[in-house]
Amino acid sequence: METVGPHPEIQTPSGFRLLPGERILYPVVEHPARKRDRQPSSLEQMLRLTQSTKPEEIGAYGPSWAALSFDTDNVPAHLDLYKANFGRDGLRVAIDLITSYPELARATILSAAQFQGVAFNTEREEEPGRIAHEIRNPDDPIAVELTKRLGWGWPYYGSVDATPEFIRTLTAYTQRSEENHGFLSQPYTDRSGEQRTISYAFEAALAWIEARLKKNPEGLLEYQSILPRGIENQVWKDSWDAYHHKDGTLANHSKGIASIEVQVTTFDALIDAAELFEDVYDQPDRAAVLREKAAELRRTILEVFWTNDEDGYFVLGTDRDENNNLRQLKLKTSNMGHVLNSRLLKGDDPDIVGRREATVSRLFSPELLASAGIRTLASDEVRFRPGAYHCGSVWLWDTHHIAKGLRRLDYGDEADELDRRVLAAVEQTRIFPEYVRGDEEPTISINTQTIVLWDEVNGRENKVEQPPQEVQAWSVAATLAIKKRLARRGLI
């Protein structure tokens, strides 16, 4: 085995690749296998995540927690990180299950509105209309540790995508029936103690998005933490090294960064909002303005986030150079698949059809398709590691989200294949893993080690491998949604 750095006694795990300037910082920690006696039930775990005792109660006690351990006693600290309300997580769980459990969407929207930003606060990164990222009691031990180490206030609002996700979930629930239109009048008390309605929360969230787009030179929804130690990548791939350039150089976090899937979600959120103004509020002029903003954003996405390199693909995102010029982050990632689960590539225009087909082809290439689904980062990219949190692993919800996009664009066989791989991941690991490894092997596996590197180039630690959470709400929701769909088709 190869030895590294000033710690010659610490050896590199067999087959583990180090980048220039990296060394193993601490001895690798092995985590004992935690085998389950039986296949887990997605419904049982969703009941646990929503603090319910029976299916009809799902949504009665608020949104889903982000994650749990299978055990309730003596839970290892590394498997008990996310028993809390995360805005983005809860909203995506709710929209995945909205057909079967619409009251979960209602409860999640209401909770998000209650914690919606009402003021400008640096420590919390709070802004009026912004949807919270992570909601913890300030006395929660994890909250105390994060405040001490990073200076965060609570709730913490360091997410750029939770707000458009809020618009999407709210409109999806409201437009299910005329009866649900009445939800817009649902009262609640906001963080400042004011009595509001869901309609107010909707317009406040929309105003936040519109203000961000207007302020941006290219009309993009960028992120940039205002805290010295805030979340650097304020998107679902929030690892500090997830956003980088082709050569592995980190994106420039001193200026704004735009991620492809955030722009796509925002594009759809603007159209959703326009439909609500037209169909429910009877404000066609306001709807027309929102549709034009969506059209402008669509043009920008197609122009800025597409590269013709390697037969063409949607890049991960953009950052800016020191002169504020946009630069593409030319990486092949699972994020491009989110474009499919959108209105962005609908239609029979030859250019759109070409991009649609190129995207599907790229996703099913050997570099991105693994046994469990779509890798977060293609295997031929510089920073790829199969066990890395967002740089090579496979996230089950991500793959299911892509499958939904394939299905809506009539790639039914491809969608079914991805859903099959998601179910196989649960079957083989016997948990609902936060993510699985993106290895080449046909057997699906999870990390069983914690590996921490020192990155000399960037002057910081990098936890490149760690075991996944055992009952991740996104994974449970994806599995449950797939099984519900199969049941409706009479296939299970």
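The values are calculated or read from the model by the stated rules, or taken from the named source; none is laboratory data. Every value quoted in this text rests on a predicted model; they were computed, and no experiment measured them. Because the Cβ atoms are built from the backbone with ideal geometry, glycine has one as well, and the counts that use them run over all protein chains shown. To get the accessible areas, we keep the full protein, side chains included, count just its heavy atoms, and leave off ligands, DNA and RNA. Shrake-Rupley method; radii C 1.70, N 1.55, O 1.52, S 1.80 Å.
Give the accessible surface of the chain per residue, rounded to a whole number of Å², with probe radius 1.4 Å and ligands, DNA and RNA excluded.
Result: 41 Å² of accessible area for each residue.
Summing -39500 (n - 2.57) over the DSSP H runs of n ≥ 4 in the chain and dividing by its residue number, what mean residue ellipticity at 222 nm do you reach, to the nearest 500 deg cm²/dmol?
The helix-only estimate for the chain comes to -11500 deg cm²/dmol at 222 nm.
Can you check how the C-alpha radius of gyration of the stretch 116-192 compares to 2.2 N^0.38 Å, as a plain ratio?
1.32
Please compute one quarter of the surface area of the Cα convex hull for the stretch 10-96 and express it in square nanometres.
Result: a mean projected hull area of 9.2 nm².
Of Thr72, Gly459, Thr12, which is farthest on the positive side of the dipole of the chain, counting Cα position, with +1 on Lys and Arg Cβ, -1 on Asp and Glu Cβ, and the Cα centre as origin?
Most positive-ward Cα: Thr72.
Roll a 1.4 angstrom probe over the protein heavy atoms and tell me the percent of accessible area of the chain that is carbon or sulfur.
48 percent
Which value, in debye to the nearest 20, gives the size of the charge dipole of the stretch 370-447 about its Cα centre, when Lys and Arg are +1 and Asp and Glu are -1 at the Cβ?
280 debye
For the stretch 249-313 and the stretch 197-245, compute the distance between their C-alpha centroids and round to whole Å.
Each part's Cα centre sits 13 Å from the other's.
Quick one: what do you get for the stretch 224-381 if you divide its Cα Rg by 2.2 N^0.38 Å?
Against the compact-globule rule of thumb, the ratio is 1.12.
Pick out the long, greasy-scoring helices in the chain: whole DSSP H runs spanning 15 Å or more along their own axis by Cα, mean Kyte-Doolittle at least -0.5.
Those that pass (Cα extent of 15 Å or more, hydropathy at least -0.5) are 102-114, 162-174, 198-215, 260-279, 284-304, 350-363, 473-488.
Of all the Cα-Cα pairs you can form in the stretch 62-177, what percent are over 19 Å apart?
Tail of P(r) above 19 Å: 49 percent of Cα pairs.
Of all beta bridges DSSP finds with both residues in the chain, what is the antiparallel percent, to the nearest 5?
About 95 percent, rounded to the nearest 5.
Under 4 °C and 1.567 mPa s, how fast does the stretch 357-492 diffuse according to Stokes-Einstein, given a Kirkwood radius computed over C-alpha pairs? Answer in µm²/s, whole number.
The estimated diffusion coefficient comes to 84 µm²/s.
Between the stretch 367-401 and the stretch 27-59, how many Å separate their Cα centres?
Here the answer is 23 Å between Cα centres.
Quick check on my link table: of Lys214/Lys255; Lys404/Lys483; Lys83/Lys237; Lys332/Lys484; Lys237/Lys330, which ones sit more than 22 Å apart, alpha carbon to alpha carbon?
Lys332/Lys484
What number results when the radius of gyration of the stretch 152-211, computed over Cα atoms, is divided by 2.2 N^0.38 Å?
1.22
Please list the radius of gyration and Dmax for the stretch 339-416, considering alpha-carbon atoms only, with Å as the unit.
13.0, 39
Mind checking the dipole of the chain: about its Cα centre, +1 per Lys or Arg Cβ, -1 per Asp or Glu Cβ, Debye to the nearest 20?
540 debye
Take the alpha carbon gyration tensor of the chain, find the square roots of its eigenvalues, order them as a ≥ b ≥ c, and report rounded if a/c is under 1.5; if not, report prolate when a/b exceeds b/c, else oblate.
rounded
Taking the Cα atoms of the stretch 210-249, what is the range of coordinates along each of the three principal axes, in descending order and whole Å?
31, 24, 18
If the only charges are +1 at each Lys and Arg Cβ and -1 at each Asp and Glu Cβ, what is the size of the charge dipole of the stretch 422-465 around the Cα centre, to the nearest 20 debye?
180 debye
Taking the dipole about the Cα centre of the stretch 69-153, with the C-beta of Lys and Arg at +1 and of Asp and Glu at -1, give me whichever of Phe120, Gly87, Ala107 is farthest to the positive side.
It is Phe120, whose Cα lies furthest towards the positive end.
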